[in-house]
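Written below as C-alpha cells is the structure these notes are about.
What follows draws every value from the coordinates through simple rules; no lab data is involved. On a predicted model such as this, the values are computed, not experimentally measured, just so you know. Heads up, the Cβs are rebuilt from the backbone with ideal geometry, glycines too, and the neighbour counts pull from every protein chain shown.
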Amino acid sequence: MSEPILVCDKLCKSYKKGVPVLNNFDFTVEPGRIIGLLGPNGCGKSTLLKLIAGLLVPDCGEITVCGIKRSEETNKYISYLPERPYFSTRMSVDEMISFFKEFYADFDELIARKMLFDLGINPKSQVKTLSKGTKEKVQLILVMSRRAKLYMLDEPIGGVDPAARDYILSTIIGNYNEEASVIITTHLIADIEPVLNDFAFMYQGKIHMSGDADETRNTYGKSLDQLFREVFRC
Amino acid sequence: MSWRFDPGSSVSGQIAYSLRIKILTGEYPSGSQFPTVRSLALELGVNPNTVQKALSVLEGEGLLESRTTVGRFVTEDSDVLSSALTAFKKSFLESVFSKADEIGITKNDFESFLSNKEG
Amino acid sequence: MLKKCFKYDFKSVFKIWWIAAVTVLGLSVPAGIAYESLREHFKDPARRFIWENSAVGAFWFSVMAILILTSVLVAVRFYINFFSDEGYLTFTLPVKRSTLLFSKILSGFVFYALTALVVVVSLAVIGLFVPAVGESYSCLTAEVLCEFILIFKEVPLKDILWIIAYALELVLMAILSPLVSTLFLYTLITLGATIAKRHKVAATIGLMVGSNYLLSALIIPVVLAIGLWVNATLHLFSDKMLGEYDWMYFVLFAFLFVIAVLATVCAFLGNVIQGCLERKLNLP
C-alpha cells in the first residue's frame, strides 16, 4: 500500500491567545480519494488548508506531504485553490499560463488551453476585465491543469452560479486519478456529496464524524446534508 | 447534468438500480459495450468509485461482464437476463402492492382499473 | 528559481518605469536647448522666460517624478505581491521565502541604480548642448586619461594598492547605501502589513510617514553626536599620528567601519523581513 498523501499530526493553531482554531488535530488522506471537509464558516477548514499550503505556521504539530516534511519543496506536490482570487495585477490569461508553466513543472498547458476554449474564455483578455464567475473558473482551470498529488479546493462552488457549479464538479470528477487526492472544503454539502469518496464533519476545529460518504448514507438512511443538520443542530 | 439522488440510501445503490433497469429493458442491449466508469461518473456527476461500486454489484448479479483491457459488456446470457427481469418485476410489483395497501387500494380497485384500461 | 522570480519582479515595475525613464531622457533635450538658449538665441526676454521655464521646469519635474515613482513602484510591487491576495499565489510557489525576498531586494536595488543612471545620462545630455560643457567633455576625458597614465607610471605600487582599496570601498558603500534604503522601505512595509490586523495599507503608510518624521527629528542630534565623536577621534588620532600613511590607514578603516555598519544593518533588516514572512504572514 502506498504511503498517504497527507498526514497532519497533532496540529494546533490559534489566531488570538487562548482561542484555538485547531487543537490537537489529526488528519490523514490516502491517495485516490476525494474527501470533503464539511462544516460551517469559521470552523477551521480554511485554516487547515492554509497550514498545509504553507501560508500559516502551526503553533505545534507536524504536516507531512507524500512522506516529506512540509516545506516549499512540498508545494511542488500541492495545487491549492484559495477562496480569494489571487491573480497578478495586469496580467492576461496567457501570461498567467506562462507563469504557471515556469514555476510548476507539472503544469499541463494543453489541458488548460482546452478548458479555456471549452468555456469560451479569450486567453488574451486581461484577468482584471473578467467577471467574477469567469475569474473563478480561470483560477480553477489553472489549479486543475497541474498534475499534482494533492489538490486543495477551498470553497470552490461557494459564490458561483449553478451552471458554473456543474462545470467545476465535472472538472473535479474528470480529473480524478488513483495517485492523487482532492480535499474540498465547503458548507454546501448537498451539492458536493455525490462527488465525494470520504467526508469529515468539522466543527470548532475538530473532526466530529468521518467516513465513507456512500456507506454512511446507507448506514444512517440519510444524506450527508441531513446528517450534518442533525449532528450540529443549533 | 446530475439527477438528484434520494437522500435515504447510498448513491451507488441508486445508480445500480437505474442501470439495472436500463439493462433489463434493453436500453443497454445484451452483448453491447457498456460505458466506462469515467464517462458514467461524468454524466451522473458522481465520484468514479461510487460508479465502480455500482458496476461491481451488477457484475455480481451477472448482468455485466468485465473483459480485461477491452472493458465491460452487457451479458449475452439470455437466461441470466430473463431471470433477472423476472426477479425485478416481482420485487417491483411487491413494492407497488405494499404501497397500495398502505393507502387502502383493494384488489377490486385494481381489477376495475385494468378493465377500464382495456375497454 | 531566483532568475524566474527576478524576471517577473523586474518586468512588472519596468512596464511603467520605462515611460518615466524615456520622458526624463527625452525632456533633457529641450532642457539642454533651453539652457543653451540662455546665451544666444532669444533676445526677447519674455519668450526666453517662457521657453526656458517650461522646458527646464518640465525636465526637473520629470526628474523629481522618476525619483518618487521608482520608490512608489518598488514599494507597491513589494506590498501587492507579498501582502495582498496575490500573496496566495506567491507563497504557495515551490520557492524559498529567502529567494522570493532576495529577488525583491535585487530588483529594488536595480531600479534605484537604473534611475540614478538615467538622471546622470540626462544631465550629461544637457551638458552636451552647452558648448563649453560639450567641449570640456572631450577635454575632461583626455585629461583624466592623461592623469591615469601618469599615475600608473609614477606612483609606486603600494600607493596603487591604496587607490584600489579606496575605490573598492567607495563602490561597496555606493552599493550598500541604496540597499539599506530598499531594505528599510521593505521592512516598514512588512511590519505594517504583518502586525496590523486590519487596514494594512493605512498602517504601512502610517509607519512610513511616522518613521520619516522620526528620522528627521533624530537626524540632527545623531549627526551632531557623530560629528563630535569623529572630531574627538581625529584629534586623538592626530596626536598619536606617526607617519603620513597613518592618515591613509585611518580613512581606510573608517570606510571599512561604515561598510560593516551598513552591511550589518542590511543583514539585520533582511532577517527581520524574512522572520515576519515566515512566521507572521497573515493574508486577507
Efficiency by 1/(1 + (r/R0)^6): what FRET value for C:ALA174 and A:SER131, r their Cβ-Cβ distance, R0 = 41 Å, to the nearest 0.05?
0.25
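How big is the Cα convex hull of chain B in projection, averaged over all directions, in nm²? Before the final figure, lay out the partial values.
Details: hull surface 38.8 nm².
Computed as one quarter of the Cα hull surface, the answer is 9.7 nm².
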So, in Å, what gap is there between the alpha-carbon centers of the range C:211-232 and the range A:202-216?
63 Å
Can you tell me the dipole magnitude for chain C around its Cα centre, using point charges on the Cβ only (Lys, Arg +1; Asp, Glu -1), in Debye to the nearest 20?
1580 debye
What percent does the relative contact order of chain C come to when contacts are Cα pairs within less than 8 Å and at least six residues apart?
25 percent
So if I take the alpha carbon set of the protein assembly as shown, get Rg, then get Rh from the Kirkwood formula, what is the Rg over Rh ratio?
1.17
Nearest-5 percent of antiparallel DSSP beta bridges in chain A?
55 percent
Here the FRET efficiency for B:ASP6 versus B:GLU102, based on Cβ atoms and R0 = 22 Å and rounded to 0.05, is 0.75
Distance between the C-alpha centers of the range A:86-100 and the range C:249-280? Whole Å please.
36 Å
Under the rule a/c < 1.5 gives rounded, and otherwise a/b versus b/c splits prolate from oblate, where does chain C land using the Cα gyration tensor?
oblate
Footprinting exposure proxy for A:MET115, A:MET144, C:MET173 (fewest neighbouring C-beta atoms within 10 Å first):
C:MET173, A:MET115, A:MET144
Stretchable slack from A:LYS124 to A:ASN177, in nm (0.36 nm times residue separation minus alpha-carbon distance):
16.0 nm
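With charges set only on the Cβ (+1 for Lys and Arg, -1 for Asp and Glu), what does the dipole of the protein assembly as shown come to about its Cα centre, in debye to the nearest 20?
1280 debye
What FRET efficiency, computed as 1/(1 + (r/R0)^6) with R0 = 30 Å and r the Cβ-Cβ distance, is obtained for C:ALA263 and C:PHE14, rounded to the nearest 0.05? The partial results should precede the final answer.
Values: r = 28 Å, r/R0 = 0.93.
Result of the calculation: an efficiency of 0.60.
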Please work out the Cα center distance from the range A:12-29 to the range B:37-91, rounded to the nearest Å.
45 Å
Each label point is 7 Å from the Cα along the Cα-to-Cβ direction; what then is the distance between the points at C:ASP239 and C:LEU214, in nm?
3.8 nm
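Once you order the gyration tensor axes a ≥ b ≥ c over the Cα atoms, which shape class does the range A:98-190 get: rounded for a/c under 1.5, otherwise prolate or oblate by comparing a/b with b/c?
Numbers: a/c = 1.74, a/b = 1.05, b/c = 1.65.
Taking the square roots of the gyration eigenvalues as a ≥ b ≥ c, the range A:98-190 is oblate.
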Once exposed loop trypsin sites (Lys or Arg not before Pro) are cut out (DSSP; at most 10 other Cβ, 10 Å), longest piece of chain C:
C:44-196
Hey, if you drop one equal point scatterer on each alpha-carbon of chain A and run the Debye formula without solvent, what base-10 log of I(q)/I(0) do you get at q = 0.14, 0.17 Å⁻¹?
-0.92, -1.32
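In nm², what is the average projected area of the convex hull enclosing the Cα atoms of the range C:156-284?
Working: hull surface 40.8 nm².
Across all orientations, the range C:156-284 yields a mean hull projection of 10.2 nm².
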Mind giving me the nanometre distance, one decimal, between the label points for C:VAL230 and C:ILE205, set 7 Å out from Cα along Cα→Cβ?
3.7 nm
Counting only pairs 8 or more residues apart or on different chains, how many lysine pairs in chain C have their Cα atoms under 26 Å apart?
27
Given labels modelled 7 Å from the Cα in the Cβ direction, how far is it in nm from C:ILE149 to B:GLU118?
12.9 nm
